[in-house]
1. Looking for something without any contact (Cβ under 8 Å) to a residue 24 or more places away in the chain and either assigned to a loop (DSSP other than H, G, I, E, B) or under 16 Å from the mean Cα position of the chain (by Cα) (or both) - is there at least one such residue anywhere in the stretch 53-60?
2. Which members of the stretch 27-43 meet the condition of being of a type outside the set (A, V, I, L, M) and in contact with a Ser or Thr (Cβ under 6 Å, 6 or more places away or on another chain)?
3. Inspect the stretch 52-60 for any residue being within 18 Å of Tyr102 (Cβ to Cβ), among the small types (Gly, Ala, Ser), modelled with pLDDT of 95 or more and surrounded by fewer than 19 Cβ atoms within 10 Å (Cβ to Cβ) and give the result as yes or no.
4. Sort out which residues of the stretch 105-114 are in a helix (DSSP H, G or I) and either in contact (Cβ under 8 Å) with a residue 12 or more places away in the chain or within 14 Å of Tyr71 (Cα to Cα) (or both), and write them in order of number.
5. Does the stretch 25-47 hold any residues that are free of Cβ contacts under 8 Å to residues at least 40 places away in the same chain and assigned to a loop (DSSP other than H, G, I, E, B), and which are they?
6. Go through the residues of the stretch 62-75 one by one and say whether even a single one is out of contact with any Gly (no Cβ under 9 Å at 6 or more places or on another chain), without any contact (Cβ under 8 Å) to a residue 60 or more places away in the chain and assigned to a loop (DSSP other than H, G, I, E, B).
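The values are calculated or read from the model by the stated rules, or taken from the named source; none is laboratory data. Remember, predicted model here, so these are calculated numbers, not experimental data. Note that we place each Cβ from the backbone using ideal geometry, even for glycine, and neighbour counts take in every protein chain shown.
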Amino acid sequence: MRTAIVFTTKHGATRRVAEEMKALRPDIKFDLINLREEKNPDLDHYSTVIIGMPVYQGLPSLDVEHFCMDYVSLLRSKKLGLFVCGVLPAGEDRNREMDLAYSIPLVSHAAAYEFINSSYDVGKLNFIERFMLARRAGRNTPNRESCSKDIQNFMKRMFPY
């Protein structure tokens with residue numbers, strides 16, 4: 001079974017999530033595909049596709065949005081997982097960001113659909129990004145433990161033992 005994890009990242013948080021997913025299941029052959037480096041990946045030889053994107057200021061990644069529109073038919077023929085990386089505490093804001101991130105046909109087909117409360121390397125953020133992160137996350141700045149828990153939940157739904 002081959003699995004593609006297709007993602008985009010600005011500061012590396014979504015890449016770290018994809019790498020942690022891969023590390024959790026050494027029995028599965030994963031390929032990580034960054035859409036900023038590979039715009040039109042060939043997904044024909046994958047049985048499973050996981051798609052991940054960061055959300056900045058409540059807006060989904062345009063790279064992933066366009067990818068999903070271009071590949072919707074192919075994606076609906078695969079086992080599919082969808083995740084969003086962000087910094088919001090549990091609640092309606094997370095649901096709103098998830099609703100904006102992926103189309104209904106993909107969400108309804110997905111085996112797993114998760115908001116992953118990801119941690120960010122604040123040193124990679126500029127002043128405005130740090131300000132907006134603090135404003136959106138408030139006192140609930142994500143940590144590695146909450147991120148790992150979200151990833152484990154996603155992977156259990158994606159690949160039940």
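1. Checked against the condition, which is being without any contact (Cβ under 8 Å) to a residue 24 or more places away in the chain and either assigned to a loop (DSSP other than H, G, I, E, B) or under 16 Å from the mean Cα position of the chain (by Cα) (or both), the stretch 53-60 yields no hits at all.
2. Matches in the stretch 27-43: Phe30, Arg36.
3. Taking every residue of the stretch 52-60 in turn, none turns out to be within 18 Å of Tyr102 (Cβ to Cβ), among the small types (Gly, Ala, Ser), modelled with pLDDT of 95 or more and surrounded by fewer than 19 Cβ atoms within 10 Å (Cβ to Cβ).
4. Pro105, Leu106, Val107, His109
5. Those that are free of Cβ contacts under 8 Å to residues at least 40 places away in the same chain and assigned to a loop (DSSP other than H, G, I, E, B): Pro26, Asp27, Leu35, Arg36, Glu37, Glu38, Lys39, Asn40, Pro41, Asp42, Leu43, Asp44.
6. Checked against the condition, which is being out of contact with any Gly (no Cβ under 9 Å at 6 or more places or on another chain), without any contact (Cβ under 8 Å) to a residue 60 or more places away in the chain and assigned to a loop (DSSP other than H, G, I, E, B), the stretch 62-75 yields no hits at all.
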